[in-house]
Amino acid sequence: MKKNKGILSLIATVVVVAILGFTAIVGFGPTGTGSIKNINLGLDLEGGVSITYQVKGDTPSQSDMDDTKYKLQRRVEQYSTEATVYQEGDNRLSIEIPGVKDANKILDELGQPGSLFFIAEKGKDGTPNYTMQADGKYKLEKTIEELKEAGSIVLTGTDVKNAQAGAFEGKMKNTEYAVSLTLNKDGAKKFADATKKAAGKETIGIYYDGEFISVPMVQSEIANGEAQITGMESFETAEKLASTIRIGGLSVELEELRSNVVGAQLGQQAITTSLKAGAIGLAIIFVFMCAVYLLPGLASSIALLIYTGIILVLLNAFDVTLTLPGIAGIILGIGMAVDANVIIFSRVGEELSAGKSVRAALTTGFDKAKSAILDGNITTLIAAAVLWMKGSGTVKGFAQTLALGIIVSMFTALIVTRIIIFAFYAVGLQNAKMYGRKVVERKPIDFLGKRKIFYVISGVLILAGFIFMGVHASQGKGTLNYSLEFKGGTATNVTFEKEYTLEEIDKEIVPTIEEVTGDKNVQVQKVEGTKQVIFKTQVLDLAQREAFSNVMHEKFQVEETAIATENISSTVSSEMRQDAMIAVLIATVCMLLYIWFRFKDIRFATSAVVALLHDVLVVLTFYVIARVSVGNTFIACMLTIVGYSINATIVIFDRIREELKFKKRGQDLDEIVNKSITMTLTRSVYTSLTTFVMVAVLYIMGVSSIKEFALPLMVGIICGAYSSVCVTGALWYDMKKHFAKKA
């Protein structure tokens, strides 16, 4: 790179940093709203809309309620991946959608859940069930009850398994839009009979919430339970119809009971402290990178600024809803961005130590680091993609931010950092001393010789978790300290004499409730425009409810009639847990296959997955022993550890693979493994340290719920560093020795 080109590159870098900073913080327009202000925040950080539905008619079975809750959850995720649905009492379902302030708009779009019917055009006596009016709309000529007695209801919403909008190429090579329906077994049989009778001559009207939403002509008999409604004018029209059919296809019929706009659960303080913690953490990383790697460290710090700016802009551009789990994905992305730079600069140092010129060392260093960076990031990206496609709720939100972070971190490490560092070199900064200290080849540490000790330590830690689970279960405490999201609890709506701020509630009221109920994880929501506050706690018995009511009356002058209590279900349904488990299993298999493909050895893949499982179980032990609350952040924490663990493992395996290519005659396998681990030891320590610092600052400065999330994450980072250095290579070595390939 010539000097002029280098100067232009540095000027361009400064301009990009300035533009991203302006866009993220200041923004455009008279109001000055930057990307940070426009990012969608979850209920925990910003608040949103709360809607409560009640079942029409008799009290439904719990299985019908569970099915309805799950389907409604998937329906409201179109507004936000962090939207939640939970059950109140025996016959109510509440929806909470973050970042939304217009409850009426949501109600209009959702409609009346559970009132969908497919109606035959004519009854058995030949009289029409519905007719077209002069305005082109269809009118029902009989009541729904009359149609049911006459057998004219072809299907109900419960017969529909799914409805999806799509596009296809028509006969004239034009794009056409349609809605694809999938029916259950009973629905398929009923639909086959009805379409056989109506084929080519009659329509079947789809009637929802008091009006016809579509009246398609039956072209032919549909016997396989899969139908398609064609003739949609646009994809948006098709998606609206599909969405309406999905919401109508619930197990029970619901009616609106109440709707409110609720405030943030954590308050402005949580957002402010999180931003400050992030800024301080980044500043510490900048100082560390510059102190250790000098000029390359400065280049990586500038690239990390660009990374942060791009992430903020993309979160805004893609309307990603940011919650605590989302913050976890960003933290992991920052860790991987730093990790990529550490790998590169370690390689550059090795090349300088081998006597190469600065330019040659930079070129070779980037080239040699590329495979480890790509493999580690792509492996984690595969996991993020699977979690986004198969997961729901918090898992999907985490996957979004993680995927963004991975893609941007690869871009900034492999392209932006490279441009900046070569620009420095081009403008005349060419002294080798500016590019960090040379790497002194140290004597390989005998990690494999101590592997039995490491195995025992790991075994004891994992076994301790299961033992303590048994102890807690025998004492009636539960194996884990499940939060409201997993086991449900009690929601108490209190109308105070005056309006409290969220900070006042946290400081003055919550400690009193914790003392009365014994619950240290009280969740708070304000109902905007009122003096109402909703307190969500563990399930309260009659005595605890009375104590709660008494303390509200005595200490805060709240009348008994101003307190309403209702048991609520978990927001993480059994189906959502199953979705998360299936997603993690599929992601694990996909990662295993990718590592197998890239390293051409199943033993690399197997040992990586075993080490990954090791880290998850050790952190689970910490949750068990420390009794840290297990909620939505638990899922995010575990997924973060999975991504972090697999990335650290890939780096060591990449070095082992490289050393095997240049294996010297007479060199033993244990020498290669020990040498590879020793050569990557600095990277393991530095990456773990920088990521740990980010989370530690978040823990020190954060509010209680953030501390509860950051603490196990710190344990996971330490565990990941330990397993990648002490366990993974040893596992691969033992597999290699005991399951050697046949000649």
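The values are calculated or read from the model by the stated rules, or taken from the named source; none is laboratory data. These figures come from a predicted structure and were not determined experimentally. All Cβ positions, glycine included, derive from the backbone under ideal geometry; neighbour counts span all protein chains shown. The accessibility values were calculated without ligands, DNA or RNA, using every heavy atom of the protein model including side chains. Shrake-Rupley method; radii C 1.70, N 1.55, O 1.52, S 1.80 Å.
Return the residue satisfying two criteria in turn: it lies in segment 95-122 and is surrounded by fewer than 23 Cβ atoms within 10 Å (Cβ to Cβ) and modelled with pLDDT of 85 or more, and of such residues it is farthest from Y208 (Cα to Cα).
Only one residue fits best here, namely K122.
Any residue that is in a helix (DSSP H, G or I) and at pLDDT 85 or above - is there at least one of those in segment 625-642? Explain how you work it out, then say what you get.
Just the residues of segment 625-642 that are in a helix (DSSP H, G or I), to begin with: 625-626, 632-642.
This time we only want the ones that are at pLDDT 85 or above, so: 625-626.
So far as segment 625-642 goes, yes, one or more of its residues are in a helix (DSSP H, G or I) and at pLDDT 85 or above.
If I go through segment 427-471 residue by residue, how many of them are in a helix (DSSP H, G or I) and either β-branched (V, I, T) or modelled with pLDDT under 90 (or both)? Lay out the reasoning, then the answer.
From segment 427-471, those in a helix (DSSP H, G or I) are 432-435, 448-471; that's our starting set.
Next, from what is left, pick out any that are either β-branched (V, I, T) or modelled with pLDDT under 90 (or both): 432-435, 453, 456-457, 460, 462, 467, 471.
Number satisfying all stated conditions: 11.
Among the residues of segment 167-196, write down those that are without any contact (Cβ under 8 Å) to a residue 40 or more places away in the chain and basic (K, R).
Residues of segment 167-196 that are without any contact (Cβ under 8 Å) to a residue 40 or more places away in the chain, as a first pass: 168-175, 186-190, 192-193, 195-196.
Listed by number, the residues that qualify are K171, K173, K189, K190, K196.
Return a yes/no flag: does segment 274-289 have any residue that is in contact with a helix residue (DSSP H, G or I) (Cβ under 8 Å, 6 or more places away or on another chain), surrounded by 22 or more Cβ atoms within 10 Å (Cβ to Cβ) and modelled with pLDDT of 85 or more.
Among the residues of segment 274-289, at least one is in contact with a helix residue (DSSP H, G or I) (Cβ under 8 Å, 6 or more places away or on another chain), surrounded by 22 or more Cβ atoms within 10 Å (Cβ to Cβ) and modelled with pLDDT of 85 or more, which makes the answer yes.
In the set D135, D125, D64, D58, which member is within 15 Å of S569 (Cβ to Cβ), of a type outside the set (A, V, I, L, M, F, W, C), more than 23 Å from the chain's Cα centre (by Cα) and at pLDDT 75 or above? Let's see the steps before the verdict.
Working: D135 fails: within 15 Å of S569 (Cβ to Cβ); D125 fails: within 15 Å of S569 (Cβ to Cβ); D58 fails: within 15 Å of S569 (Cβ to Cβ).
Just a single option satisfies the conditions, and that option is D64.
Going residue by residue through segment 224-236, is there one that turns out to be part of a helix (DSSP H, G or I) and either over 24 Å from T131 (Cβ atoms) or at pLDDT 85 or above (or both)? Working first, answer last.
First, pick out the residues of segment 224-236 that are part of a helix (DSSP H, G or I): 235-236.
Retained after the next criterion (residues that are either over 24 Å from T131 (Cβ atoms) or at pLDDT 85 or above (or both)): 235-236.
Looking through segment 224-236, at least one residue is part of a helix (DSSP H, G or I) and either over 24 Å from T131 (Cβ atoms) or at pLDDT 85 or above (or both).
What's the total number of residues in segment 479-519 that are open to solvent by 30 Å² or more (accessible area, probe 1.4 Å) and closer than 22 Å to Q87 by Cβ?
To start, the set of residues in segment 479-519 that are open to solvent by 30 Å² or more (accessible area, probe 1.4 Å) comprises 479, 481-482, 485, 487, 493, 495, 497-499, 501, 503-504, 506-508, 511, 514-516, 518.
Now drop any that are not closer than 22 Å to Q87 by Cβ, which leaves 481-482, 485, 487, 493.
So the count comes out to 5.
When you go through (1) open to solvent by 40 Å² or more (accessible area, probe 1.4 Å); (2) closer than 30 Å to D654 by Cα; (3) at pLDDT 90 or above one by one for L592, which number turns out not to apply?
Unmet for L592, out of (1) open to solvent by 40 Å² or more (accessible area, probe 1.4 Å); (2) closer than 30 Å to D654 by Cα; (3) at pLDDT 90 or above: (3).
Does G151 satisfy being loosely packed, with under 12 Cβ neighbours inside 10 Å, free of Cβ contacts under 8 Å to residues at least 40 places away in the same chain and over 15 Å from Q219 (Cβ atoms)?
So G151 passes the test.
Within segment 71-91, which residues are of a type in the set (D, E) and free of Cβ contacts under 8 Å to residues at least 40 places away in the same chain? Give the derivation first.
Taking segment 71-91 as the starting set, the residues that turn out to be of a type in the set (D, E) are 77, 82, 88, 90.
The answer is D90, and nothing else.
Only one of these is under 30 Å from G702 (Cα atoms), at pLDDT below 80 and touching a Pro at 6+ places or on another chain (Cβ under 8 Å): E82, E77. Name it. Give the steps one after another, and end with the answer.
Working: E77 fails: touching a Pro at 6+ places or on another chain (Cβ under 8 Å).
Just a single option satisfies the conditions, and that option is E82.
Among (1) open to solvent by less than 20 Å² (accessible area, probe 1.4 Å); (2) closer than 16 Å to F118 by Cα; (3) hydrophobic (A, V, I, L, M, F, W, C), there is one condition V215 misses while meeting the rest; what is its number?
(1)
Among helices (runs of 4 or more DSSP H) lying entirely in segment 478-570, which contain 3 or more residues that are in contact with a helix residue (DSSP H, G or I) (Cβ under 8 Å, 6 or more places away or on another chain)?
On the way: elements: 484-487, 510-517, 542-556.
Ranges flagged: 510-517, 542-556.
Taking segment 692-735 on its own, how many of its residues are in contact with an Asp or Glu (Cβ under 8 Å, 6 or more places away or on another chain), open to solvent by 20 Å² or more (accessible area, probe 1.4 Å) and among the polar types (S, T, N, Q)?
Of the residues in segment 692-735, 1 are in contact with an Asp or Glu (Cβ under 8 Å, 6 or more places away or on another chain), open to solvent by 20 Å² or more (accessible area, probe 1.4 Å) and among the polar types (S, T, N, Q).
Going by what's in this entry, would D541 be described as under 30 Å from S63 (Cβ atoms), among the charged types (D, E, K, R) and either without any contact (Cβ under 8 Å) to a residue 24 or more places away in the chain or open to solvent by 40 Å² or more (accessible area, probe 1.4 Å) (or both)? Walk me through how you get there before you give the answer.
Details: under 30 Å from S63 (Cβ atoms): yes; among the charged types (D, E, K, R): yes; either without any contact (Cβ under 8 Å) to a residue 24 or more places away in the chain or open to solvent by 40 Å² or more (accessible area, probe 1.4 Å) (or both): yes.
Against the criterion (under 30 Å from S63 (Cβ atoms), among the charged types (D, E, K, R) and either without any contact (Cβ under 8 Å) to a residue 24 or more places away in the chain or open to solvent by 40 Å² or more (accessible area, probe 1.4 Å) (or both)), D541 qualifies.
Only residues that are open to solvent by 50 Å² or more (accessible area, probe 1.4 Å) and of a type outside the set (S, T, Y): list them for segment 352-367, please.
A354, G355, K356, R359, D367
Restricting the search to segment 652-687, which residues are modelled with pLDDT under 85 and part of a helix (DSSP H, G or I)?
K661, T682, R683, S684, T687
Could you tell me which numbered condition L315 fails, if it satisfies all but one of (1) part of a helix (DSSP H, G or I); (2) open to solvent by 10 Å² or more (accessible area, probe 1.4 Å); (3) modelled with pLDDT of 75 or more?
(2)
Table: residues versus (1) out of contact with any Cys (no Cβ under 7 Å at 6 or more places or on another chain); (2) under 13 Å from T417 (Cα atoms); (3) without any contact (Cβ under 8 Å) to a residue 40 or more places away in the chain.
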position: M336; (1), (2), (3): yes, no, no
position: I343; (1), (2), (3): yes, yes, no
position: V358; (1), (2), (3): yes, no, no
position: T363; (1), (2), (3): yes, yes, yes
position: S371; (1), (2), (3): yes, no, no
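Residue by residue through segment 154-163, note down the ones that are open to solvent by 40 Å² or more (accessible area, probe 1.4 Å) and touching an Asp or Glu at 6+ places or on another chain (Cβ under 9 Å). So that I can check it myself, show each step before the final result.
We begin by selecting, within segment 154-163, every residue open to solvent by 40 Å² or more (accessible area, probe 1.4 Å); these are 156, 158, 161-162.
Passing the criteria: only T158.
Suppose we filter F622, F662, F599, F634 for residues that are crowded, with 24+ Cβ neighbours inside 10 Å and hydrophobic (A, V, I, L, M, F, W, C); which single one remains? Walk me through how you get there before you give the answer.
On the way: F622 fails: crowded, with 24+ Cβ neighbours inside 10 Å; F662 fails: crowded, with 24+ Cβ neighbours inside 10 Å; F599 fails: crowded, with 24+ Cβ neighbours inside 10 Å.
That would be F634, the only listed residue that is crowded, with 24+ Cβ neighbours inside 10 Å and hydrophobic (A, V, I, L, M, F, W, C).
If the requirement is being surrounded by fewer than 22 Cβ atoms within 10 Å (Cβ to Cβ), closer than 30 Å to M289 by Cβ and among the β-branched types (V, I, T), which of these qualifies: I453, I445, I457?
Working: I453 fails: closer than 30 Å to M289 by Cβ; I457 fails: closer than 30 Å to M289 by Cβ.
Checking each option against the conditions leaves just I445.
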